[in-house]
C-alpha cells in the first residue's frame, strides 16, 4: 500500500531491518526519512506482533497497534536466516543494501557467519548497526537487559521518584527507544562518512549508554562531586542549597514551572507576579522582590517556601489550559504536563499538520498516526505505507527484485525458509 510518492531525504538508501523490539524504532526513523526499509521477520511473523495494545482490543498478529507504530514506512518479508538457503537469500539482499540493522545478542550473527566481516565481504560498503543492552564488547556485553535493568543501570531510575522511597521506572518502556534513536543517528553519521570516503563500518549501540546520555546525569559528579539527587517533584541546582518545586498541581492536573534567578528569570518572574496581582493573589513580598539580583545558589529553603506558597495557591485555581495560555501571553516559563488527550488536542501540533491519516485497507479504516517529527524547507519526512502484513512483500522482493522463480518461492515456503 503506497501513500506519498514525493522524494524524501534518504530515498536512495536501502536498509535491511533484522531487529526485534529493541531496534524497531531505528528502522522506522530511517524509513520516515525516505529510506527503503525491508523488515525481515521469521516465517509466521515477528514476535512483536503479539505485543499490545491491539486494534479494537482483539489480539491478532495483524492488529497490533504496537507493531503498526514502530514498523510503518517499511516493506516486509519472511526469512529464516538460520538455514543455508535463508543465509544465501539474506546475503543477496545485503548486496543491494546500504545498511543492515540488528538487535540480536552479541556474537549471534557471527556464529551464523553473518557478522560484519562476512557482510562486508559480499558488500564492502555495507554499514552494520547493532543495538544491544550493553554493547558488543565489555564485561556486560552478554548480559540480558530488560527495560527496568537498563533504566536502572543507565542512571535514569536513580533520579526518578521521591527521595524517601525506592527509585522509579517510567511506566512505558523507554530504554530501547533511546537506543533506537541513537542507532538511527549513528547510522546516518556512518552513511555520511561513507558518502565521503567510500568506507562502510560497524556501528555499536549500547542501550545502557543511550539511557545515560539522555539524562546527562553522568556530568553531575564531575561538576558537583556528588551524584544527581532524587528529589521527586523538586529540583536542586548545581550550587543551590534549597529545593525548588518543578512540578506543580493545578486545577485539572500538573504544570511544569521553575523559578529562575537574576536577569535570566527576572522578566518572567515579574510577569507572573503581575498576573497574580491582577487576581489579588500576589503577596507583598513577591511584589517587592528584586528579581535581577535574586541568587538561586544563595536562597534558603525558607525564602524559597515563601516565594512558592502563593504561586502554588494561584496555580490551584487555574486549569492547565488557562495557565498555558496566560504564560504564552506573558512570556512565562510554564508548560502543561500533558496526557495523550491533551497532546492530540494541542493546537500547535494541529497547526503544523502533525497528525496524519494512514490507510489500513485490510481493516477497512484509516488510523490517525503521529506525523512529521522533523520538518524542513525541502521534503524531509513522509508517510508512505502502513506496517507490512506477514510476508506482504515476499513476491515483490524475492521474485521481482532478486529474480527467484515461482517454483523456487514455493519450495522455500514449503520448507519453512520464507
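Here are some conditions: (1) in contact with a strand residue (DSSP E or B) (Cβ under 6 Å, 6 or more places away or on another chain); (2) farther than 17 Å from residue 390 by Cα. Residue 78 meets all but one. Which one does it not meet? Checking residue 78 against (1) in contact with a strand residue (DSSP E or B) (Cβ under 6 Å, 6 or more places away or on another chain); (2) farther than 17 Å from residue 390 by Cα, the one that fails is (2).
Condition first: touching a residue at least 12 places away in the same chain (Cβ under 8 Å), surrounded by fewer than 20 Cβ atoms within 10 Å (Cβ to Cβ), in contact with a strand residue (DSSP E or B) (Cβ under 7 Å, 6 or more places away or on another chain) and over 19 Å from residue 88 (Cβ atoms). Can you find one or more residues in the stretch 121-135 that meet it? Checking the stretch 121-135: at least one residue is touching a residue at least 12 places away in the same chain (Cβ under 8 Å), surrounded by fewer than 20 Cβ atoms within 10 Å (Cβ to Cβ), in contact with a strand residue (DSSP E or B) (Cβ under 7 Å, 6 or more places away or on another chain) and over 19 Å from residue 88 (Cβ atoms).
Scanning the stretch 196-229 for residues that are at pLDDT below 80 and either within 11 Å of residue 155 (Cα to Cα) or not in a helix (DSSP H, G or I) (or both) gives 215, 216, 217, 218, 225, 226, 227, 228, 229. Does residue 380 meet the test of being in contact (Cβ under 8 Å) with a residue 12 or more places away in the chain, assigned by TED's automatic domain parsing to the domain that holds residue 34 and crowded, with 18+ Cβ neighbours inside 10 Å? No, not satisfied.
When 37, 15, 99 are checked against the criterion of being surrounded by 22 or more Cβ atoms within 10 Å (Cβ to Cβ), without any contact (Cβ under 8 Å) to a residue 60 or more places away in the chain and in contact with a helix residue (DSSP H, G or I) (Cβ under 8 Å, 6 or more places away or on another chain), a single residue qualifies: 37.
Check residue 338 against each of (1) closer than 30 Å to residue 261 by Cα; (2) within 25 Å of the chain's Cα centre (by Cα); (3) in a loop (DSSP other than H, G, I, E, B); (4) in contact (Cβ under 8 Å) with a residue 40 or more places away in the chain and name the one condition it does not meet. Only one criterion in (1) closer than 30 Å to residue 261 by Cα; (2) within 25 Å of the chain's Cα centre (by Cα); (3) in a loop (DSSP other than H, G, I, E, B); (4) in contact (Cβ under 8 Å) with a residue 40 or more places away in the chain is unmet by residue 338, namely (4). Note on the stretch 50-96: residues that are without any contact (Cβ under 8 Å) to a residue 12 or more places away in the chain and either assigned to a strand (DSSP E or B) or within 25 Å of residue 186 (Cα to Cα) (or both) amount to 1.
The values are calculated or read from the model by the stated rules, or taken from the named source; none is laboratory data. Predicted, not measured: the structure shown is a model, and the values here were computed from it. Virtual Cβ from ideal backbone geometry, glycine too; neighbours counted across all protein chains shown.
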